[in-house]
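Here the structure is laid out as structure tokens; the discussion comes afterwards.
Computed from the coordinates by the stated procedures, all read-outs in this text should not be read as laboratory data. Computed from a prediction, not measured in an experiment: that's the story for all the values here. Backbone-built Cβ (ideal geometry, glycine too); neighbour counts: all protein chains shown.
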């Protein structure tokens, strides 16, 4: 009987530990900036600007200072991010409306990257009259 109680206690502790670890991941605080603030931040040449939208979206128009396009919706996002992004630099992320960039920020922060994102995304950037460019083929 004591053996079963010990096993039950161990299972309860494992679930509690996992729940606490998951809660820590969910509490990751992402720095998000308005278009104007984001524009000021990315003027720093040490910051790498990453568009996390699809290649099609990127080609149709992107922030002029964008250094890379890595689609966060692809299963190999983390792999490509590790290959392309140095950990000793701050990463500025953006997407269309701010949802995907926050997803990318959480992924990168779990791997130790320093990141921030464009709060309301590329659509707000365009609406604010900030500089954009298109990829020519």
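Taking segment 82-101 as the range and being surrounded by fewer than 21 Cβ atoms within 10 Å (Cβ to Cβ) and either in contact with a helix residue (DSSP H, G or I) (Cβ under 9 Å, 6 or more places away or on another chain) or touching a residue at least 40 places away in the same chain (Cβ under 8 Å) (or both) as the test, the residues that pass are 85, 89, 90, 96, 97, 98, 99. Among the conditions (1) outside any strand (DSSP E or B); (2) over 22 Å from residue 76 (Cα atoms), residue 57 misses just one, which is (2).
Summed over segment 38-54, the residues that are in contact (Cβ under 8 Å) with a residue 40 or more places away in the chain, under 16 Å from the mean Cα position of the chain (by Cα) and part of a loop (DSSP other than H, G, I, E, B) give a count of 4. Can you tell me which residue is surrounded by the fewest Cβ atoms within 10 Å (Cβ to Cβ) among those in segment 102-120 that are without any contact (Cβ under 8 Å) to a residue 60 or more places away in the chain, more than 18 Å from residue 75 (Cβ to Cβ) and touching a strand residue (DSSP E or B) at 6+ places or on another chain (Cβ under 7 Å)? Top of the filtered list is 114. Selection of segment 47-79 for residues being surrounded by fewer than 14 Cβ atoms within 10 Å (Cβ to Cβ) and out of contact with any strand residue (DSSP E or B) (no Cβ under 7 Å at 6 or more places or on another chain) yields 56, 60, 73, 74, 75, 76, 79.
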